[in-house]
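Notes follow the structure.
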Amino acid sequence: MHTLLELPYGFINVHLNKEFVSKLLTDLLVNGVQPPLVGPKRKVVVDFSSPNIAKEMHVGHLRSTIIGDSMCRLFEFVGYDVLRLNHVGDWGTQFGMLIAHLQDKFPDYLVVSPPIGDLQAFYKESKKRFDEEEAFKKRAYECVVQLQSHNPEIIKAWNLICDVSRKEFQKIYDCLDIQLIERGESFYQDMMVDVVKLFEEKGMTQLDEGRKIVFPPGCSLPLTIEKSDGGYTYDTSDLAALRQRIFDEKADMIIYVVDSGQSVHFQTIFAAAQMIGWYDPKKIRVEHTGFGVVLGEDKKKFKTRSGETVRLIDLLNEGLKRSMEKLLAKERDKVDF
Ligand code: ARG
């Protein structure tokens, strides 16, 4: 027989004062769980989940969804005014190729809703063509520019594609009981024009092979705010979003729940916003709350573009199935509670 001393661990017994505990429990039973006293009411924007339209939501988005939702619940619990934003990737080059492919596959999409059941497969097909067919690539780029100039037919195609994804995302949010307001990159389109103008007026842009870049001091990489074809980027939409959250939403705190793979992006965005004088970090708290990048079995970053991702909905269903099997194996279904 082992004595406690031979084991690599032991026990620490803590005795709690009975009166103290009973007072605490009585208070809890009578008043419920009470939030701690915090200062004045604050407005908090939490940017979380934020999957990309036309791509499958994956396990990395699950982490953002759970962490972001938990933060929101805590902020709401202490009485803050919380804006839960789903900054979906609904704008950009990928739409060019999706729309160009839609035009080819479903030429009558304007009158008959295209039966795209599997948008992921549709995405893969269009990506393949984009990589292999020069003419298609060119058309895809033209579609992006037309989307940005609000050509009604192109906007219709874009909406159709977004709707397919939206329905898929909603299944996950329903399953996890997540409340979110969708406000994707497209919401900031018009504001992106202003963002570029503002940086230019202050002489804060440089030209780099036809691209307009912003290089805040102390940063290792610049932001591209306008591409050589006049299109905007992920950087431009994030600058516009930050500005809108500061000036229109009047947020006291802005939190981005995104994996650490995007740390440099956010640090550069925040530095650029401070450089142009949009906020003082002593007054407004802007944070990237990064979390570990989810790796695949090959120890490489879980990628959607490679195509072979585990679909989040399958992952959740598998988890449910396995836990049910475990419970049944333990005969928990025969136990009365
Ligand atoms: N859509 C991006 C992705 O899946 C995340 C967006 C995070 N939010 C933001 N404001 N950039 O990688």
Every listed condition ((1) within 24 Å of residue 249 (Cα to Cα); (2) out of contact with any strand residue (DSSP E or B) (no Cβ under 6 Å at 6 or more places or on another chain); (3) within 16 Å of the ligand (Cβ to nearest atom)) holds for residue 180 save (2)
Restricted to segment 61-75, and to residues that are closer than 17 Å to residue 43 by Cα and aliphatic (A, V, I, L, M), which residue is nearest to the chain's Cα centre (by Cα)? 71
Can you find a residue that is basic (Lys, Arg), part of a helix (DSSP H, G or I), surrounded by fewer than 16 Cβ atoms within 10 Å (Cβ to Cβ) and at pLDDT 95 or above anywhere in segment 247-265? no
Within segment 199-213, residues open to solvent by 50 Å² or more (accessible area, probe 1.4 Å), touching a residue at least 12 places away in the same chain (Cβ under 8 Å) and assigned to a helix (DSSP H, G or I) come out as 200
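Within the bounds of segment 52-67, is there any residue that is of a type in the set (D, E, K, R) and more than 16 Å from the ligand (Cβ to nearest atom)? Give the steps one after another, and end with the answer.
Going through segment 52-67, the residues of a type in the set (D, E, K, R) turn out to be 55-56, 63.
So of that shortlist, the ones also more than 16 Å from the ligand (Cβ to nearest atom) come out as none.
No, that holds for no residue.
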Quick test for you: out of 284, 255, 269, pick the one residue that is within 15 Å of residue 222 (Cβ to Cβ) and either in contact (Cβ under 8 Å) with a residue 40 or more places away in the chain or not polar (S, T, N, Q) (or both). 269
Report, by residue number, each residue of segment 234-264 that is more than 21 Å from residue 57 (Cα to Cα), β-branched (Val, Ile, Thr) and more than 10 Å from the ligand (Cβ to nearest atom). 236, 246, 264
Being over 20 Å from residue 258 (Cβ atoms), outside any loop (DSSP other than H, G, I, E, B) and open to solvent by 50 Å² or more (accessible area, probe 1.4 Å) is the requirement here; does residue 229 meet it? no
Candidate set: segment 179-188, residues that are in contact (Cβ under 8 Å) with a residue 60 or more places away in the chain and open to solvent by 10 Å² or more (accessible area, probe 1.4 Å); chosen: the one nearest to residue 234 (Cα to Cα): 185
With the condition being open to solvent by less than 10 Å² (accessible area, probe 1.4 Å) and touching a residue at least 24 places away in the same chain (Cβ under 8 Å), I'd like the helices (runs of 4 or more DSSP H) fully within segment 1-110 carrying at least 3 qualifying residues. 59-77, 93-105
If we keep just the residues of segment 150-178 that are under 23 Å from residue 113 (Cβ atoms) and not in a helix (DSSP H, G or I), which is least open to solvent (accessible area, probe 1.4 Å)? 151
Select, from 233, 224, the only residue that is of a type in the set (S, T, N, Q) and modelled with pLDDT of 95 or more. 224
Across segment 111-149, what is the number of residues that are outside any helix (DSSP H, G or I) and modelled with pLDDT of 90 or more? 1
Report yes if some residue within segment 189-197 is of a type in the set (Lys, Arg), free of Cβ contacts under 8 Å to residues at least 60 places away in the same chain and either under 21 Å from residue 96 (Cβ atoms) or within 16 Å of the ligand (Cβ to nearest atom) (or both); otherwise report no. no
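Is it fair to say residue 166 is away from the ligand (no atom under 16 Å from the Cβ), among the basic types (Lys, Arg) and closer than 30 Å to residue 252 by Cα? Before you say what the answer is, go through the steps one by one.
On the way: away from the ligand (no atom under 16 Å from the Cβ): no; among the basic types (Lys, Arg): yes; closer than 30 Å to residue 252 by Cα: yes.
So residue 166 fails the test.
The values are calculated or read from the model by the stated rules, or taken from the named source; none is laboratory data. Only a predicted model underlies this, so the values are computations on that prediction, with no experimental measurement involved. Please note: Cβ atoms are built from the backbone with ideal geometry, for glycine as well, and neighbour counts cover all protein chains shown. Each accessible area value is taken on the protein alone, full model and side chains, heavy atoms only, with ligands, DNA and RNA left out. Shrake-Rupley method; radii C 1.70, N 1.55, O 1.52, S 1.80 Å.
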